[in-house]
Amino acid sequence: MRCLNRLAISAALTFAVLLPARAFAQDIPQRPQGMSDAQIQAAIQQRGLGDQLRQRIQQSGLTSDQVRARLRAAGYSDNLIDAYLTPGTPGQAAPTPSAEMLRAAAALGLADFTVSDTLRALRDSIQLTRADSFLLDTLDLVIGRDSIPTRRDSLGVLRVDSARVRMLAERLRQPRVFGLDVFRHATTQFNVATSGPVDPSYQLGPGDELLLILTGDVEQVHQLAVTREGYIVIPQVGQIEVANLTLGQLRQVLQQRLGRVYSGVRSNNPTTHFDITVTRLRVNQIYVTGDVARPGAYAVSAIGTVLNALYQAGGPTDRGSFRQLRIMRGGQQTATLDLYDYLLGGGAGDATRLQSGDVIFVPPHGPRVTIEGRVLRPAIYELKEGQTLKDLIAMAGGLQPDAYTGRVTIERILPPGERQGTGRDRQVLDVPLDSLFSRSGAPVPLAAEDRVRVLAISQPLRNRVVVRGNVWQPGEVALTPGMRLSGAIAAAGGLRTDTYLDRAHILRLMPDSTRRMIGVDLRGVALPDSGSGRRLGPAAGQPARDPELQEFDELIIYSRTEFRPSRQIAVYGSVQHPGVYTFRDSMTLRDAVILAGGLRDEAFLEQAEVSRVPQVIGGDTLALVLQVPLDSSYVLDPTAYLLRGVGQRTPSPVLQPFDNVFIRRLPNYTLQRNVIVSGEVRFPGRYTITHTNERITDLLTRAGGLTEAGYLRGSQFFRAQNRAGRVGIDFEHIVHDPAYRDNLILLAGDSIFVPEYQPVVQVEGAVNSPVAVSFVPGHSADYYVDRAGGFSHNAEKNKTYIVQQNGTVDRRSNRVDPGARVVVPDRPLDAQRTNWPQIVTTTGTLLASLLSIIVLSKQL
């Protein structure tokens, strides 16, 4: 789950699921709840977001006109998302929606992306390593509850923070309060349907708008608003009280009042027809209080129910009750709602229409019980009075197929009156599930904070034997009555062709849980050989030995190749891939070279060396060495850089196990060796050494000699091999006498730098004023030290040395050349001169103080 990389991975990016907004009764566009601006911007960066939005619109079943009407009613431009209303061109991705489009789609409930969509987007945007790939199995537990933790690696690649995902997944696997997540996830399931007809039971009130349509003898349309006093006014008909009337009751009233004005409105054979409908619903102010996530006042459509208001308030908290919600009206309790009717049975919950000023109160929860283990829906459930263990298991979805029905354990906290001191506050009860679900079984009451654990059946499989080893289909085999060894082998596909027939083993489980080994000679068992087609059986005159198998037996069949020792050869030297390789029968030297990737360019083709284990091991001879001739046929690639002459093809010797093959390297084989000349020479650059004894002076000659500004005495020589660094060379001496010892033979990587003439000397170290001093010919190091303020108090005068510009180090008495450095080292701290005057002064002060104290003591 890794994968379940990298995917990773140091700034952190919050990857969240798009959360839909609730549809407010007010026609005011608002940002979807739960989506911050940062989350919207992160969502826009997802791949394929436009295609997901188009798919949501297609799956919603809404027509283009309905989508535009809803956008207009929510305060958005009706053509804002027209680009996603029609199916796209195959192979062409939809454009990425803007932040405003996402807000509009969320307001319509069209941005409710599921966990699978988010996982798909996560795979596109985060690289998972092989170690992290398994984490995809747990990401669905994290999405919707916590943001997915990520990190960036040293390359800036986003990866899953596997440690945090494991921690979050483990926490989310713990039992949770049942129903709590329903109100925590943004969804449209509780949004009020604002379109479609209003049912006849809808109760009218101030703020509603009605539409009266007359057809037939009279063709009229009247837009009627219910006033604050609760009546409507119909032209030519007058004022009609409609407050607290249902829509069905209003139709009956209109039948009478319209019939007084229009003669065609009658019950029998009417010639004038009318219809009354609600075009705009009023908004009620509902108060949600108690243990809810966001208590307060909420605007809920007049056709909204308790569930609509409760969802807007975020639902009950983990301390709130799901079973005893109270609806208060005018200070009196009018109804009680049990949310489990909706969560467990799929009912619509309390269908009582809310009125403006109603209060929904969520009290603290009642007794809660935890059920875990082998049930379909482990969680923490709230119980009503009288509910038992059987009811709890039913609420948890029932038992899983592998649930153990022998007993279920209940961990219970004892009531205060039954506790017997410290450490005896809890007890464990065992209840048989078999009797619990029988008709005669007595109900098992539960207490608050009980923890019910439904166990799983035991893991060991019964009625089977296991066949391992050299058969065609190893694994578990069903044990039939009277099954013998031959039957188990036949059920496992038969023996392979290289089976070791002299011995097989049966591991039999004994009553004390140990295993006994039973040896069997397969030559004495009559069974088919699946590889050769012949039947194996006992020798002539010998009885067949085909033991009967028992439950839990393990049969082990061996292969002859398992007992064969591992044999290798080694190929070293001038080959592409030197190393150890598995020996095969009839392997030749040429085969070994092929396994090693062929010869390198520097391989010596005249002779190779093969060292072999002697026939008698343990004597004085440790190995036999064979000199084997090679030829150009061992060069496997005819386009090799260094072409070899084609000679007579020599036979390739057959190798033996544990041979070591060594391919020699051509003597003095080398490619071009380069050196560098830079600075004040006529032709600076990179030069190739032409012969093995080429020296420094030869290189200076090839570079055209020094320019007029070049300073030969200060020239510097550097050697890269063995990290030698700068080497002090007397260039003036070797130019006048090439046989001088400083005229070194050049090696690959050497470099020469010829500086400009620098008429200054640098003085540094333990001097009073380190400075560069103008060069004056003929003066020693003391002259330049004096010009730098002289030696400091901690200077090691006798160890002053000179570093000439060419890298040589001279003593203080030698001459100083232009561009040199005069270095005065510091005296070590433990060797600095003792300050005797200061010691004498301090000692005298202490003695005088002591004498004064003695005199005063005698006077007293």
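The values are calculated or read from the model by the stated rules, or taken from the named source; none is laboratory data. Just so it is clear, the structure is predicted and the values come from calculations on it, not from any experiment. Using ideal geometry, Cβ is built from the backbone for each residue, glycine included, and neighbour counts are taken over all protein chains shown. Surface areas here come from the heavy atoms of the whole protein model, side chains and all, with no ligands, DNA or RNA. Shrake-Rupley method; radii C 1.70, N 1.55, O 1.52, S 1.80 Å.
Points to keep in mind about this one:
- Output for region 462-505, where each listed residue is part of a strand (DSSP E or B) and either under 41 Å from the mean Cα position of the chain (by Cα) or farther than 18 Å from E562 by Cα (or both): R464, V465, V466, V467, R468, G469, V471, G475, E476, V477, A478, R484
- Condition met for D498 (of a type in the set (D, E) and within 17 Å of R545 (Cβ to Cβ)): no
- For region 657-732, the strands (runs of 3 or more DSSP E) that sit wholly inside it and include 1 or more residues that are buried (at least 18 other Cβ atoms within 10 Å of the Cβ) and hydroxyl-bearing (S, T, Y) are 685-688.
- Screening R353 against (1) touching a helix residue (DSSP H, G or I) at 6+ places or on another chain (Cβ under 9 Å); (2) basic (K, R); (3) part of a loop (DSSP other than H, G, I, E, B) leaves a single unmet condition, (1).
- For region 437-461, taking the residues that are outside any loop (DSSP other than H, G, I, E, B) and touching a Lys or Arg at 6+ places or on another chain (Cβ under 6 Å), the one that is nearest to A396 (Cα to Cα) is identified as V454.
- The set of residues from region 507-566 being at pLDDT 70 or above, assigned to a loop (DSSP other than H, G, I, E, B) and buried (at least 16 other Cβ atoms within 10 Å of the Cβ) comprises V525, D546, L549, F552, D553, Y558.
- If you go through region 733-785 and keep only what is assigned to a strand (DSSP E or B) and of a type in the set (G, A, S), you end up with S751, G765, A772, S774.
- Criterion (over 30 Å from R545 (Cα atoms) and open to solvent by 90 Å² or more (accessible area, probe 1.4 Å)) met by exactly one of V428, V452: V428
- The set of residues in region 465-481 that are exposed (fewer than 14 other Cβ atoms within 10 Å of the Cβ) and either over 21 Å from R515 (Cα atoms) or at pLDDT 95 or above (or both) comprises W472, Q473, T480, P481.
- Hey, I380 under 40 Å from the mean Cα position of the chain (by Cα) and open to solvent by 30 Å² or more (accessible area, probe 1.4 Å) or not: yes
- Some residue of region 486-498 being of a type in the set (D, E) and open to solvent by 90 Å² or more (accessible area, probe 1.4 Å): no
- Some residue of region 720-735 being touching a Pro at 6+ places or on another chain (Cβ under 7 Å) and either of a type in the set (A, V, I, L, M, F, W, C) or farther than 30 Å from N794 by Cα (or both): no
- Yes/no for E411 being surrounded by 13 or more Cβ atoms within 10 Å (Cβ to Cβ), within 30 Å of G366 (Cα to Cα) and of a type in the set (D, E): yes
- Flag for R257 being under 20 Å from R184 (Cβ atoms), surrounded by fewer than 17 Cβ atoms within 10 Å (Cβ to Cβ) and either at pLDDT 85 or above or touching a helix residue (DSSP H, G or I) at 6+ places or on another chain (Cβ under 8 Å) (or both): no
- Residues in region 766-802 that are touching a Lys or Arg at 6+ places or on another chain (Cβ under 9 Å) and surrounded by 19 or more Cβ atoms within 10 Å (Cβ to Cβ): 6 in all.
- Residue within region 432-440 that is farther than 30 Å from R377 by Cα, of a type in the set (S, T, N, Q) and open to solvent by less than 90 Å² (accessible area, probe 1.4 Å) present: no
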